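Asker: A single structure is presented below for examination.
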Amino acid sequence: MASQLIYIDGQFYPKEEAKVSVFDHGLLYGDGVFEGIRAYGGRVFRLKEHVARLYSGAKTIMLDIPLSQEEMIAAVCDCFRVNGLSDGYCRLVVTRGIGDLGLDPRKCPVPTVIIIADQITLYPPEYYDNGLNVITCATRRVSPQALDPALKPLNYLNNIMAKIETTQAGVPEGIMLSSEGYVSECTGDNLFLVEKGELLTPPLYIGNLAGITRQAIIDVAREQGIAVHEDLFRMHRVYNADEVFLTGTAAEVVPVVRVDGRSIGDGRPGPLTGKLWHLFTELTTHDGEPIEG
Ligand code: PMP
């Protein structure tokens, strides 16, 4: 089988030869931004939106990506194409580039652009059939006053600290609270509650990632006439919700049936969660950039 080809700064390299410098500030400081993107049946789902989020994060950290958004979209599609993938996952990374051992980004004149297209490791079917058991993490989501979590920075230590807690507890995901104790999001997914047939999700200003899947679910729900509220809430609302589900590029829409030992609803994945997941998978068949141009 041909080697996987990795895009680095405009060229494709076999996986074994795809290397970056130890002086790259992406490695030394986590200085950079990234995206996780998915292709379904030859289309890259909401690629324009992912690239727009990448560029807006880059703007905030004053990182000038040396490609236009259109060129980046074409490069992502190329990467899927040269690897013969019509379904898969892509990691798009832009680092500050090679500098010296100091923090100063001015010492890094050229950002490094990396695109890795790969097969997707799907969540096990039992997550969808039976729902997830999750905990509330002690690690608080980084405050938007320190670093806006609307960015997707290469430094994911805040989420990794919480992920370690979930692993210690033997559960696949964990809920992270804001520094004020409001529900923010999970370590790698956004969170929704269902209450009396309506959706409730934390507002972006509390400090969570503006998830592309989160927005897709808000869009499809509203198209169905389902009310969606973006409001602050604490764990009490989560424990007493009719349904809880998580959204993310890898997870899509995954039900949660147990939180901190409390059963959610009747302890089974809920009907609205199932319906929204179905509508989301329909969306993935036609919403996105065609890989073949
Ligand atoms: N929150 C965090 C912290 C994430 O890392 C992610 C992406 N894995 C999400 C939410 C979901 O975002 P998206 O739907 O854009 O994948």
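Asker: Is the C-alpha gyration tensor of the range 29-165 telling us rounded, prolate or oblate? Criteria: a/c under 1.5 is rounded; beyond that, a/b larger than b/c is prolate, otherwise oblate.
Answerer: Judged from the Cα gyration tensor, the range 29-165 comes out oblate (a/c at least 1.5, b/c at or above a/b).
Asker: Quick one: how many Å² of residue 275 are accessible to a 1.4 Å probe, rounded to 10?
Answerer: Near enough 90 Å² of accessible area.
Asker: Before rounding to the nearest 500, sum -39500 (n - 2.57) across all DSSP H runs of length at least 4 in the chain and divide by the residue total; then give [θ] at 222 nm in deg cm²/dmol.
Answerer: Mean residue ellipticity at 222 nm (helix-derived): -8500 deg cm²/dmol.
Asker: Further question: Can you give the charge dipole size of the range 125-283 about its Cα centre, rounded to the nearest 20 debye, using +1 on the beta carbon of Lys and Arg and -1 on the beta carbon of Asp and Glu?
Answerer: Around 320 debye, computed over the range 125-283.
Asker: Okay, next question. Hey, what angle do you get for helix 69-82 against the long axis of the chain, alpha-carbon based, 0 to 90 degrees rounded to 10?
Answerer: Once rounded, the angle reads 90 degrees.
Asker: Related question: Using heavy-atom solvent-accessible surface (probe 1.4 Å) with all chains present, what is the largest-first order of 50, 229, 236?
Answerer: Largest accessible area first, the residues go 236, 229, 50.
Asker: Another question, then. In nm, to one decimal, how far is the modelled label at residue 250 from the one at residue 164, with both set 7 Å along Cα→Cβ?
Answerer: 1.8 nm
Asker: Given the Cα-Cα distance of residue 235 and residue 286 and 0.36 nm per residue of separation, how much length would full extension add, in nm?
Answerer: This chain segment gains 14.7 nm when fully extended.
Asker: How would the chain be classified by its alpha-carbon gyration tensor: rounded, prolate or oblate, with rounded meaning a/c under 1.5 and the a/b versus b/c comparison settling the rest?
Answerer: Here the chain falls in the prolate category.
Asker: Considering only 72, 256, 50, whose Cα is most displaced toward the positive end of the charge dipole of the chain, charges sitting on Cβ of Lys, Arg (+1) and Asp, Glu (-1)?
Answerer: My answer, from the dipole projection, is 256.
Asker: Take the alpha-carbon centre of the range 126-157, take the same for the range 1-42, and report the distance between them in whole Å.
Answerer: 24 Å
Asker: Then there is this: Where in the range 55-79 does the amide nitrogen come within less than 20 Å of the point 7 Å from the Cα of residue 106, taken along Cα to Cβ?
Answerer: Under cut-off, by backbone N: 59-65.
Asker: Not counting ligands, DNA or RNA, and with a 1.4 Å probe, what is residue 129's accessible surface area in Å² rounded to the nearest 10?
Answerer: It works out to around 90 Å².
Asker: Same structure, new question: Using 7 Å Cα-to-Cβ label points, what is the residue 59/residue 205 separation (nm, one decimal)?
Answerer: 2.0 nm
Asker: Still on this structure, please answer the following. Which value in nm describes the separation of the simple spin-label points at residue 196 and residue 278, placed 7 Å from the Cα toward the beta carbon?
Answerer: Output for this residue pair reads 2.5 nm.
Asker: I'd like the distance between the alpha-carbon centres of the range 246-293 and the range 180-207, rounded to an integer number of Å.
Answerer: Distance between centres, Cα-based: 14 Å.
Asker: Now a separate question. State in Å² the accessible area per residue of the range 11-77; use a 1.4 Å probe, count heavy atoms of protein chains only, and round to the nearest integer.
Answerer: 49 Å²
Asker: Here is a follow-up. Carbon-plus-sulfur fraction of the accessible area of the chain, 1.4 Å probe, in percent?
Answerer: 55 percent
The values are calculated or read from the model by the stated rules, or taken from the named source; none is laboratory data. Computed from a predicted model, the values in this text were never measured in an experiment. Every residue, glycine as well, gets a Cβ built from its backbone with ideal geometry; the counts of neighbours run over all protein chains shown. Ligands, DNA and RNA are excluded from the accessible area calculation, which covers all protein heavy atoms including side chains. Shrake-Rupley method; radii C 1.70, N 1.55, O 1.52, S 1.80 Å.
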